[in-house]
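What follows is one structure encoded as structure tokens, with my remarks underneath.
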Amino acid sequence: MITWKLVAEQILNGLVLGCMYASVASGLTLIWGTMKMINFAHGEFYMLGGYVMYFAIASFGIPSLFSIFLAVMIVFGLGVLIEKVCLHPLLDKPGWDISAFVATLGVGIFFQNFALRVWGERFKSVPYFLEGTLEVLGFRMAYQRMFIFAVTAAVMVGFWIYLKKARFGLGLRATAQDRDAATILGINAKKIYTITFGMSCAMASLAAVLLAPIFLINPWMGSVPLIKGFITVVLGGLGSFGGAILGGILLGIIESISVIIFSSEWKDVVAFIILILVLWLRPSGLFGTKEW
Amino acid sequence: MRGKRETLVGFGQELRLRSDHAFGIAVILLAIFPVLVQDPYFLHIMIIALVFSVLATSWNLIVGYIGIFSFGHHAFFGIGGYVSALLAMKAGVSPWFGLIIGGLVAAFLSFVIGLPCLRLRAAPYIAIATLAFAEISRMTCLNLVKLTRGEMGLWGIPHFPHITLPGIGIISFAGGVRIPYYYLILIIFIITMVVFHFGLNSHVGLAFRSIRDSQDASESLGINITYYKLLAFITGGFFAGVAGGFYAHYLLIMTPTSVLSIAIMVDIVVVTLLGGLSTFMGPVLGAFLVVLGLEFLRVLEEYRFIAYGILLVVIILFVPSGIGVKVFREKQLLE
């Protein structure tokens, strides 16, 4: 029985899921927009965020909220390090788009197998940050999910303003538009690249730590968000930050509602067919960018 | 900084092996290999390397020569395998015909997914569209449990029936023999490479490369972009499908994960890019390096893939355009 209440609850669930997709996708779109490369290790940075959080709580007993912050910062640092070591030397050499892609593939294979060998294949769980549910007008929402929604929304809005107003954000957008012109005007494009890569990894990590109590932590946890993140990016229009957020939320809601309509094993097939049709009919993505 | 590499590419050109000569030498060496080594394990590795050579070469056609960044090539491999295997099991079609039919079905589906890709230009969009197609094929194979047995795997796939060759006698593929399979995949490999060589050195190859270098310029010169792009998809899909059919009748067991997972695609990408994209022999060299290299890394036991990841990054850092570029010299079209 499809009731309006069920649909409304699924939409709310979809919003939470959409926040995760938006968070993962905004990192991907940020990297594509500035560095013009595909980061195939993005899902692994997501996974690493989850593990850092788990060890912070389980091994060191650090409080949840602080370990979220810790996980985001550590993965940021790791992203900066990987960019410096594995991607920086490839800059400005022919075949950048492909060599950078293979380098991230290698990084991804390394981290995934590292996690598998060193931390084991057993699924790990972290406790909920907030217990209890809120009931308003007959809707039930867990505090946990509301917390996820609030934090991601705040970070996204904050980041948006940062990109539009702050000096670094201006530099980042200038580099994305025209790297040579930005360099002439005194912007250190390479430094922008390094920090952008770190930020994008931090975004992935944020999505992972917020969702860690709901989805368990394991070495393969990054592959689904990676594919969903790419779909989101393409739906929203590549290189567009706003498109990634809207696309993420849209995808989250579509998925949650399609669970009611289609049987769960065919739900992804339907989603992928819709994706191909969208690309066919509107190659620039739903919200349109100049490039496709 | 920016122009430095390009000028260095010309350096030492004369010392490198011309790629079509290299192909001739490779075929001779591969043909006498089973005379020297009969170890079934070694032959198995060589067979897998040849399967990946065919796969990577067919992907190289689409990505390296016409410049469409397909990321769903493993779908055609899996579809070719499943079609051929299911035809042999459910309809009693001979695997020899199944090999061709599997290739044709893969070519047709490659044409279908080629259509939406015609309108897309940026690599990530095409990658996602093709990957979505591959995921649809994987999930369909996974969900049609009655037909494919899903993740439990399709087992009991018949092997190739024996054939009689004049002068050699009856060749049997039964009972886990390796050498007939080795020669069969070698023949498939040679056919693929010869078609590839003659195609790319004709006006078709020129059209492909001009589309890769500038789609707008080629269109303005009257090149039918739709025709050539779909031609690349169909040819690439066909050879990947044939390779899949061979793989199915060689291993005799298949699961959606073993032939349709994204890991196969990652392998194809690594093999091709390590060997050298847009080069004739690069992907073949890459296939042998990766498949044999992964076997040598077995001494590291469970740390094998950690080392693999590190090696991949190190190799790409030092040779960003692939190892093949350092070893082979491309035959110049307008020589």
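Let's see if you can work this out: charge +1 on each Lys and Arg Cβ, -1 on each Asp and Glu Cβ, no other charges. What is the dipole magnitude of chain B about its Cα centre, in debye to the nearest 20? Walk me through the numbers before you get to the answer.
Working: 20 positive and 15 negative charges, 53 e Å.
Dipole of chain B, to the nearest 20 debye: 260 debye.
Based on C-alpha coordinates, I'd like the Rg and Dmax of the stretch B:128-183, in Å.
When restricted to Cα atoms, the stretch B:128-183 yields Rg and Dmax of 17.7, 51 Å.
Please compute the modelled spin-label separation between A:F66 and A:F123, points set 7 Å along Cα→Cβ, answer in nm with one decimal.
So the label points at A:F123 and A:F66 sit 3.0 nm apart.
For a 23 Å ceiling on Cα separation, which of these pairs sit above it: A:K93/A:K191; A:K228/A:K267; A:K36/B:K326; A:K84/A:K228; A:K93/B:K326; A:K191/B:K326? Mind dumping the intermediate values first?
On the way: A:K93/A:K191 17 Å; A:K228/A:K267 13 Å; A:K36/B:K326 26 Å; A:K84/A:K228 27 Å; A:K93/B:K326 16 Å; A:K191/B:K326 32 Å.
In this structure, A:K36/B:K326; A:K84/A:K228; A:K191/B:K326 exceed 23 Å between Cα atoms.
When only alpha-carbon atoms count, how far does the stretch B:228-335 stretch along each of its three principal axes, as whole angstroms with the largest first?
49, 35, 20
Shielding of B:313-319 by partners, i.e. mean partner chain Cβ atoms within 10 Å per residue?
Values: counts 12, 3, 3, 13, 11, 1, 1.
Neighbouring Cβ atoms belonging to other protein chains average 6 per residue here.
What 222 nm value per residue comes from the helices of the protein assembly as shown, counting each DSSP H run with n ≥ 4 as -39,500 (n - 2.57) and dividing by all residues, nearest 500 deg cm²/dmol? Walk me through the numbers before you get to the answer.
Details: 27 runs with 428 residues, N = 627.
Helix contribution divided over all residues of the protein assembly as shown: -22500 deg cm²/dmol.
To the nearest 10 degrees, how steeply does helix A:4-35 sit against the main Cα axis of chain A, on a 0 to 90 scale?
Compared with the principal axis, the helix lies near 10 degrees.
Send over the semi-axes of the stretch A:1-88's equivalent ellipsoid, whole angstrom and largest first, taken as the square roots of 5 times the C-alpha gyration tensor eigenvalues. It would help to have the intermediate numbers written out before the result.
Working: eigenvalues 180, 96, 15 Å².
They are 30, 22, 9 Å, listed from largest to smallest.
If you take the Cα Rg of the stretch B:97-197 and divide it by 2.2 N^0.38 Å, with N the number of residues, what do you get?
Details: Rg = 18.5 Å, N = 101, 2.2 N^0.38 = 12.7 Å.
Rounded to two decimals, the normalised Rg is 1.46.
For the charge dipole of chain A, defined by +1 on Lys and Arg C-beta atoms and -1 on Asp and Glu C-beta atoms about the Cα centroid, which residue among A:A25, A:L170, A:V85 has the Cα displaced farthest towards the positive pole?
Farthest towards the positive pole: A:L170.
Could you size up the charge dipole of the protein assembly as shown around its Cα centre, putting +1 on the beta carbon of Lys and Arg and -1 on that of Asp and Glu, and report it in debye to the nearest 20? It would help to have the intermediate numbers written out before the result.
Details: 40 positive and 29 negative charges, 153 e Å.
My answer is approximately 740 debye.
Just the projected area, averaged over all directions, of the convex hull on the alpha carbon atoms of the protein assembly as shown: how many nm²? Display every interim value, and only then the final one.
Numbers: hull surface 124.2 nm².
Result: 31.0 nm².
For B:K146, go through the aspartates and glutamates and keep the ones whose alpha-carbon is under 18 Å away, minus same-chain ones fewer than eight residues off.
A:E265
For helix A:96-114, what angle does its Cα long axis make with the longest principal axis of chain A, in degrees from 0 to 90 and rounded to 10?
That helix lies at roughly 50 degrees to the long axis.
In Å, what Rg and Dmax follow from the Cα atoms of the stretch B:189-239?
Considering the stretch B:189-239 through its Cα atoms, Rg and Dmax are 11.5, 36 Å.
Which order do the peptides A:19-32, B:26-39 take when ranked by the mean count of other beta-carbon atoms within 10 Å per residue, highest first? List each step's numbers first, then the result.
On the way: A:19-32: 28.6, B:26-39: 12.7.
So the order, starting with the most tightly packed, is A:19-32, B:26-39.
For the stretch A:4-281, place one equal point scatterer on every Cα, skip the solvent, and apply the Debye formula. What is log10 of I(q)/I(0) at q = 0.10, 0.13, 0.15 Å⁻¹?
Here log10 of I(q) over I(0) equals -0.53, -0.89, -1.17.
Rg to Rh for chain B: what is it, with Cα atoms only and Rh by Kirkwood? Walk me through the numbers on the way to the answer.
On the way: Rg = 20.0 Å, Rh = 20.7 Å.
My calculation of the ratio gives 0.96.
If you line up the long axis of helix A:167-177 against the longest principal axis of chain A, both from Cα atoms, how many degrees apart are they, to the nearest 10?
80
Write down the radius of gyration of the stretch B:145-251 and its Dmax, each obtained from C-alpha positions, in Å.
When restricted to Cα atoms, the stretch B:145-251 yields Rg and Dmax of 19.8, 58 Å.
Any read-out appearing in this document is the output of simple, stated calculations on the displayed coordinates, not a laboratory observation. Bear in mind the structure is a predicted one, so any value in this text is a computation, not a measurement. Using ideal geometry, Cβ is built from the backbone for each residue, glycine included, and neighbour counts are taken over all protein chains shown.
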